[in-house]
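Engineer: There's a structure below that I have some questions on.
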Amino acid sequence: MFKKILLAGASLAVMVGTAAAADLPRRAAPPVFVPVPVFTWTGFYFGINAGYAFSENDTIRTTGINTPGGAQLNNNVLNGLRRANVSTATEGFTGGAQIGYNYQFTPGSGLVVGVEADAQYMDLQQTRVENIFLPAFNPNNLTNTYRTDLSFLGTVRGRVGYAFDKFMIYGTGGFAYGDVTQRISFTTGLPVTYAASRSSMETGYVYGGGVEYALPTDSFLNFFKSSAVTIKAEYLRYDLGSRNLLVGSVGGPGVGYNSRIATEGSIARAGLNYKFGSY
């Protein structure tokens, strides 16, 4: 009898212990902490741009060549038959593409350095025709024609900026080159009496600055599934130098005229870049 009482008590103790254990909280693995990635501008990128371009310092300055005992062609300039200063100001559309690389020293906010190359179409063509009749100095109708054209511009530039997380402000500068065409002709009556033409790849420099902002990675603009899509607004000023053009005689008296032409201007544009590399 005593043994039965002991066995019943032991069974009851086991049952009570099991129920109490069932009521204890279960041990679960702690949640895994996933840090929010810090944005960095480091990486390669490519993109497109479009905007507005306009020429500067676009006055063609002409002087006549006097020869001892011969033609005194500068008198034609002084008398207004050939203009001493002619403006060929122009403006137009520009559009192209760029490729580059950025390196950010500290992710988040910090210094960013990089290099960028771009190439674009330039709609900067101007033709000016002047018809001059001054019988006090020449009984003929004179026609002076000036044409300037910058159809292409490329640059290779360094960039230095400072990033405030996904927003960056930067300065830029470097080498510029472009396809330049210049033509001048002077006529007396019907035949062309003085003419010059030059078309070449000119080189110079460019500088400017801009701002850039990184859009969310899941932006609808992210066609290439890049690590970031950025938009930018930028200003550049280019200078491809000034050249003398000899408007030489093709039947008129004397040697001809010297015309000095500058190729300078500015670009204001917006761009879209696709970055590949760290987030």
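The values are calculated or read from the model by the stated rules, or taken from the named source; none is laboratory data. No experiment lies behind these values; they were computed from the predicted model shown. Backbone-built Cβ (ideal geometry, glycine too); neighbour counts: all protein chains shown.
Engineer: With touching a Phe, Trp or Tyr at 6+ places or on another chain (Cβ under 8 Å) and under 29 Å from Gly178 (Cβ atoms) as the only criterion, which of Ala117, Ala84, Ala89 stands out? Even if it seems obvious, please write down each step before you answer.
Structural biologist: On the way: Ala117 fails: touching a Phe, Trp or Tyr at 6+ places or on another chain (Cβ under 8 Å); Ala84 fails: touching a Phe, Trp or Tyr at 6+ places or on another chain (Cβ under 8 Å).
After ruling out the rest, the residue left standing is Ala89.
Engineer: Residues in segment 265-278: is at least one under 16 Å from Glu116 (Cα atoms) and either touching a Cys at 6+ places or on another chain (Cβ under 7 Å) or among the charged types (D, E, K, R) (or both)?
Structural biologist: Checked against the condition, which is being under 16 Å from Glu116 (Cα atoms) and either touching a Cys at 6+ places or on another chain (Cβ under 7 Å) or among the charged types (D, E, K, R) (or both), segment 265-278 yields at least one hit.
Engineer: Does segment 126-145 include one or more residues that are within 24 Å of Ser199 (Cβ to Cβ), among the hydrophobic types (A, V, I, L, M, F, W, C) and under 21 Å from the mean Cα position of the chain (by Cα)? Spell out the reasoning first.
Structural biologist: Step one: filter segment 126-145 for residues within 24 Å of Ser199 (Cβ to Cβ), giving 126-130, 143-145.
Now narrow it down to the ones that are among the hydrophobic types (A, V, I, L, M, F, W, C): 129.
Now drop any that are not under 21 Å from the mean Cα position of the chain (by Cα), which leaves none.
No, that holds for no residue.
Engineer: Could I ask something else about it? Within the set of pairs 6+ apart or on separate chains, which have a first residue in segment 165-191 that is closer than 13 Å to Gly208 by Cβ, a second that is part of a loop (DSSP other than H, G, I, E, B) and of a type outside the set (Asp, Glu), and C-beta atoms under 8 Å apart?
Structural biologist: none
Engineer: Taking Gly271 as the residue in question, decide whether it is small (Gly, Ala, Ser) and either surrounded by fewer than 15 Cβ atoms within 10 Å (Cβ to Cβ) or at pLDDT 95 or above (or both). Talk me through it step by step, then tell me what you get.
Structural biologist: Values: small (Gly, Ala, Ser): yes; either surrounded by fewer than 15 Cβ atoms within 10 Å (Cβ to Cβ) or at pLDDT 95 or above (or both): yes.
It is true that Gly271 is small (Gly, Ala, Ser) and either surrounded by fewer than 15 Cβ atoms within 10 Å (Cβ to Cβ) or at pLDDT 95 or above (or both).
Engineer: For Gly256, only one of the following conditions fails: (1) in contact with a strand residue (DSSP E or B) (Cβ under 8 Å, 6 or more places away or on another chain); (2) surrounded by fewer than 20 Cβ atoms within 10 Å (Cβ to Cβ); (3) on the phi > 0 side of the Ramachandran plot. What is its number?
Structural biologist: Gly256 satisfies every listed condition except (2).
Engineer: Let me ask something else about it. Determine the pairs where a residue that is more than 15 Å from Met168 (Cβ to Cβ), located within segment 202-216, has a partner that is aromatic (Phe, Trp, Tyr) and surrounded by 16 or more Cβ atoms within 10 Å (Cβ to Cβ) with Cβ atoms under 9 Å apart, the partner being 6 or more residues away or on another chain.
Structural biologist: Glu202/Tyr177; Thr203/Tyr177; Gly204/Tyr177; Gly204/Tyr238; Tyr205/Tyr238; Val206/Tyr238; Tyr207/Tyr238
Engineer: Let me ask you something else. May I ask you to verify whether Gly241 is closer than 28 Å to Tyr177 by Cβ and at pLDDT 95 or above? Talk me through it step by step, then tell me what you get.
Structural biologist: Numbers: closer than 28 Å to Tyr177 by Cβ: yes; at pLDDT 95 or above: yes.
In short, yes.
Engineer: Also: Pull out all pairs, ordered by first then second residue, where Cβ-Cβ is under 7 Å, the residues are six or more apart or on different chains, the first lies in segment 226-247 and is free of Cβ contacts under 8 Å to residues at least 40 places away in the same chain, and the second is acidic (Asp, Glu).
Structural biologist: Short answer, once both residue conditions are applied: Gly241/Glu202.
Engineer: I want to confirm something. Restricting to segment 188-211 and keeping residues that are within 17 Å of the chain's Cα centre (by Cα) and over 19 Å from Gly161 (Cβ atoms), which single residue is surrounded by the fewest Cβ atoms within 10 Å (Cβ to Cβ)? Write out each step before concluding.
Structural biologist: Within segment 188-211, the first condition is being within 17 Å of the chain's Cα centre (by Cα), and the residues that meet it are 203-211.
Narrowing the set further to residues that are over 19 Å from Gly161 (Cβ atoms) leaves 203-205.
On the way: Thr203: 12, Gly204: 16, Tyr205: 15.
Once the filter is applied, the top-ranked residue is Thr203.
Conditions (1) surrounded by fewer than 15 Cβ atoms within 10 Å (Cβ to Cβ); (2) modelled with pLDDT under 95; (3) under 13 Å from the mean Cα position of the chain (by Cα); (4) more than 26 Å from Tyr45 (Cβ to Cβ), marked per residue:
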{"site": "Leu153", "(1), (2), (3), (4)": "no, no, yes, no"}
{"site": "Val160", "(1), (2), (3), (4)": "yes, no, no, no"}
{"site": "Ala163", "(1), (2), (3), (4)": "no, no, no, no"}
{"site": "Met168", "(1), (2), (3), (4)": "no, no, no, no"}
{"site": "Gly171", "(1), (2), (3), (4)": "yes, no, yes, no"}
{"site": "Val180", "(1), (2), (3), (4)": "no, no, no, yes"}
{"site": "Arg183", "(1), (2), (3), (4)": "no, no, no, yes"}
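Engineer: Within segment 213-229, take every residue that is modelled with pLDDT under 95 and of a type in the set (Ser, Thr, Tyr) and give me the one that is surrounded by the fewest Cβ atoms within 10 Å (Cβ to Cβ).
Structural biologist: Narrowing segment 213-229 to residues modelled with pLDDT under 95: 214-229.
Right, trim to of a type in the set (Ser, Thr, Tyr) and you get 217, 219, 226-227.
Working: Thr217: 15, Ser219: 13, Ser226: 21, Ser227: 19.
For segment 213-229, the residue satisfying everything is Ser219.
Listed here are the residues, each with its yes/no results for (1) closer than 30 Å to Glu264 by Cβ; (2) in a helix (DSSP H, G or I); (3) modelled with pLDDT under 95; (4) of a type outside the set (Asp, Glu).
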| residue | (1), (2), (3), (4) |
| --- | --- |
| Lys4 | no, yes, yes, yes |
| Gly9 | no, yes, yes, yes |
| Ala13 | no, yes, yes, yes |
| Gly17 | no, yes, yes, yes |
| Ala21 | no, yes, yes, yes |
| Ala29 | no, no, yes, yes |
| Val32 | no, no, yes, yes |
| Ser55 | yes, no, no, yes |
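Engineer: Pick from Leu236, Leu246: which is more than 20 Å from the chain's Cα centre (by Cα) and at pLDDT 95 or above? Before you say what the answer is, go through the steps one by one.
Structural biologist: On the way: Leu236 fails: more than 20 Å from the chain's Cα centre (by Cα).
Answer to the check: Leu246.
Engineer: Please go through segment 213-253 and give me each residue that is in a strand (DSSP E or B) and among the acidic types (Asp, Glu), ordered by number. Steps first, please.
Structural biologist: Just the residues of segment 213-253 that are in a strand (DSSP E or B), to begin with: 213-215, 228-249.
Glu234, Asp239 - these are the residues of segment 213-253 that are in a strand (DSSP E or B) and among the acidic types (Asp, Glu).
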